Amino acid sequence: MSRRLLTLGAANGLLSVLLGAFGAHVLRARLDLYHYEVYQTAAHYQGLHALALLATGLLALHLDSRWLGRAGWFFSTGLLLFCGSLYLLALFSAHPLGLITPLGGLLLLAGWGALLGAVRGGAPRQARDATGE
């Protein structure tokens, strides 16, 4: 689980920088102020939650908690729905997709709640010897 969460976190971090730079250097002159700000909000939240996925993956190396897997699922799905709908709204004025954005936001909040649950109730992982057993 930790490798998957770390991979998702790193991939989303890379994408947030790439898409943020694309927005700043290419889209800034092509979008009106409202749509540009929506696009930058998506990139900002994607970067923040990429870090949340990385933190979740690192915690999974040290804690046994079912809440970590839930947090990862909530963060990943929330990123897709929240940031994805904002990117589409900004680029294509896809206003009906704006109805998906709050659901994505709720999933991001649920991710933070699940991460809190993991930190509060997770048991430390047992130390392994050099053979990995």
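The values are calculated or read from the model by the stated rules, or taken from the named source; none is laboratory data. This one's a predicted model, so the numbers in the text were calculated from it and none came from an experiment. A quick note on method: Cβ atoms are made from the backbone with ideal geometry, for glycine too, and the neighbour counts reach across all protein chains shown.
Only one of the listed residues (S76, S65) is in contact with a strand residue (DSSP E or B) (Cβ under 9 Å, 6 or more places away or on another chain) and among the hydroxyl-bearing types (S, T, Y). That residue is S65.
How about region 23-35: which of its residues are in a helix (DSSP H, G or I) and either touching a residue at least 24 places away in the same chain (Cβ under 8 Å) or surrounded by 14 or more Cβ atoms within 10 Å (Cβ to Cβ) (or both)? Walk me through it before giving the result.
The first filter runs over region 23-35 and keeps only residues in a helix (DSSP H, G or I), leaving 23-27, 33-35.
Hits for region 23-35 are G23, L27, H35.
Could you grab me the full set of residues in region 64-122 that are among the aliphatic types (A, V, I, L, M) and outside any helix (DSSP H, G or I)? Break it down stepwise before answering.
Here is the first cut: in region 64-122, the residues among the aliphatic types (A, V, I, L, M) are 68, 71, 79-81, 86, 88-91, 94, 97, 99-100, 103, 106-110, 114-116, 118-119.
Hits for region 64-122 are A94, I100.
Filtered by the rule that a residue be surrounded by fewer than 18 Cβ atoms within 10 Å (Cβ to Cβ) and in contact (Cβ under 8 Å) with a residue 12 or more places away in the chain, region 36-46 gives Y36, T41, H44. S85 meets the conditions (1) buried (at least 20 other Cβ atoms within 10 Å of the Cβ); (2) touching a residue at least 24 places away in the same chain (Cβ under 8 Å); (3) under 12 Å from G105 (Cβ atoms) in every case but one. The failed one is (2).
Given the residues L61, L19, which is the only one that is in contact (Cβ under 8 Å) with a residue 24 or more places away in the chain, farther than 16 Å from G117 by Cβ, of a type in the set (A, V, I, L, M) and surrounded by fewer than 14 Cβ atoms within 10 Å (Cβ to Cβ)? Give the derivation first.
On the way: L19 fails: surrounded by fewer than 14 Cβ atoms within 10 Å (Cβ to Cβ).
After ruling out the rest, the residue left standing is L61.
Looking at the structure I just gave you, is A10 modelled with pLDDT of 95 or more, among the aliphatic types (A, V, I, L, M) and either within 20 Å of L116 (Cβ to Cβ) or surrounded by fewer than 18 Cβ atoms within 10 Å (Cβ to Cβ) (or both)? Steps first, please.
Working: modelled with pLDDT of 95 or more: yes; among the aliphatic types (A, V, I, L, M): yes; either within 20 Å of L116 (Cβ to Cβ) or surrounded by fewer than 18 Cβ atoms within 10 Å (Cβ to Cβ) (or both): yes.
The answer is yes for A10.
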